[in-house]
Amino acid sequence: MDRRYQGQRRKNFPSSSSFNSSTGFRSNQTKSTKVSNFSINTPKNENNSINIHGGRNTKQEDEVQAEAIVGTCPFMCPEDERVQRQRLRDLAFFERLNGDPSKSSPVLAVKKFCRTMSAKQVQASEVRPLLVLEDTLNYLLNFLDSKEHPFEVIHDFVFDRTRSIRQDLTMQNIVNDRVVHMYEKMVQFHVISHHKLRSSCTSSSISSVHYLNLEQFTKALTSLYNLYEVNRGSNSTFGNEAEFYSFYVLLHLDSDGQATSFSDLQGESLSLWFRRVPSSIIKSREMCFARRVLRYFRMGNYRRFLCAAAKASYLQYCIIEPYIDQVRAFALCCINNCGYKLHPYPVMHLSKLLMMEESDVELFCNACGLETCTDEVGNKLLPTKQTTFNRPKEGFQRYSFLGLEQLERQIASFNI
């Protein structure tokens, strides 16, 4: 068989245990280009070719950079790979012709990611040029609108094939504004996956799938920042740059272990990272929003956090959403512990504070082990000082979030 186709911890809201106790051509001329905190040499040409991967190059990456090729494959998947995968019945569900696992076509098959592939091992006919890669990416992202298949099935296919797109771009050392827009789309895919996988995966599978998505999310985001730097004009930024920089800050929202994983993946503290961000980005509305949300989260200011979260963009909300109920649980814990036992807290007031429908407030209280009651005139109340508060180990179901009318309009019109 052809082997080419083988396949902070920071001071934060209380943890669950705390809750429990209470709560594209090139010439020979080269130039040195500075990208973030490392220096690299790149051929000077109309495609701005460069190794976009940050940090120290591996031996394989050095070889790719030195021997970059120009792809000539006109299809989404090289013909040799497609024929071999048909023979091996190695076709994803979306690549099968009429559902047959041994048949595909040039308009269905998409090149798989190959971990061991390098420029030394492939021919130009096996690498797709920029135009084909753009068309392939758009084809893949169209699957996200499908309602016929579970999201984790779609994610598994798009996840692997977008890695292959990034691999072809790296082998050809192409960097220009068209590649920037491609990376922005791929980052958006990972952001949406970060949000949707929580509700579509089972509890036993979400951890590994979520971690793998976070890993590639981080790599794609780092490469995107490097692309921004390489293509940056004098005092200019890309239209979506500020929002994409804000994702890095919002990914530091966590108190249940994922922040530690993200810190391990990106290998740099947030304070050091801020020193390398352009001042125009630091001052942008999107970055100010992200820093404000992170500050409120770390301070435990649940009221301001929830009010700020309601002003997030759709993609920002995809990152923030898992922490909203965590913040609500912290607020509920504080109210339960600090309230007067003889003065139950009105559920109507709690609804405004937690930005939830009253009916959801009752369900939320029950999920946290607290009971509600009704007074003689029918008002719903939360008796305080209950000793049964406990954050549910299986997590929270989805609850309403008042004040998201603008966000809902964004979601309805959002397109990758």
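Going residue by residue through region 209-220, is there one that turns out to be closer than 25 Å to CYS73 by Cβ, open to solvent by less than 10 Å² (accessible area, probe 1.4 Å) and not polar (S, T, N, Q)? Yes - at least one qualifying residue is present in region 209-220. Of VAL122, VAL158, VAL132, VAL153, all but one fail to be under 16 Å from PRO74 (Cβ atoms), assigned to a helix (DSSP H, G or I) and aliphatic (A, V, I, L, M); the exception is VAL132.
Restricting region 84-133 to residues that are open to solvent by 70 Å² or more (accessible area, probe 1.4 Å) and of a type in the set (Val, Ile, Thr), the residue that is modelled with the lowest pLDDT is THR116. With respect to GLU148, determine if the residue is open to solvent by 40 Å² or more (accessible area, probe 1.4 Å) and under 21 Å from THR218 (Cα atoms). Judged against the criteria, GLU148 is not a match.
Annotation: VAL175 fulfils all but one of (1) at pLDDT below 95; (2) in a helix (DSSP H, G or I); (3) under 21 Å from LEU227 (Cα atoms); the unmet one is (2).
Confirm whether LYS341 is open to solvent by 40 Å² or more (accessible area, probe 1.4 Å) and out of contact with any Pro (no Cβ under 8 Å at 6 or more places or on another chain).
Answer is no for this residue.
The helices (runs of 4 or more DSSP H) located wholly in region 312-410 that include 3 or more residues which are at pLDDT 90 or above and of a type in the set (Asp, Glu) occupy 358-367. Scanning region 264-307 for residues that are aliphatic (A, V, I, L, M) and under 24 Å from TYR225 (Cβ atoms) turns up LEU265, LEU270, LEU272, VAL277, ILE281, ILE282, MET287, ALA290, VAL293, LEU294. Could you tell me which residue of region 80-106 is nearest to PHE159 (Cα to Cα), considering only residues that are among the acidic types (Asp, Glu) and not in a loop (DSSP other than H, G, I, E, B)? For region 80-106, the residue satisfying everything is GLU95. The single condition among (1) at pLDDT below 95; (2) under 21 Å from ILE324 (Cβ atoms); (3) small (Gly, Ala, Ser) that SER246 does not meet is (1).
Of all residues in region 154-174, none are touching an Asp or Glu at 6+ places or on another chain (Cβ under 8 Å), open to solvent by less than 10 Å² (accessible area, probe 1.4 Å) and not aromatic (Phe, Trp, Tyr). Within region 113-139, residues that are within 20 Å of GLN188 (Cα to Cα) reach partners that are of a type in the set (Gly, Ala, Ser) and open to solvent by less than 10 Å² (accessible area, probe 1.4 Å) with beta carbons closer than 6 Å, at six or more positions or on different chains, in the pairs PHE113/SER164.
The values are calculated or read from the model by the stated rules, or taken from the named source; none is laboratory data. Remember, predicted model here, so these are calculated numbers, not experimental data. Cβ sites come from the backbone with ideal geometry, for glycine too, and all protein chains shown count toward neighbours. Side chains included, ligands, DNA and RNA excluded: accessible areas come from the protein's heavy atoms. Shrake-Rupley method; radii C 1.70, N 1.55, O 1.52, S 1.80 Å.
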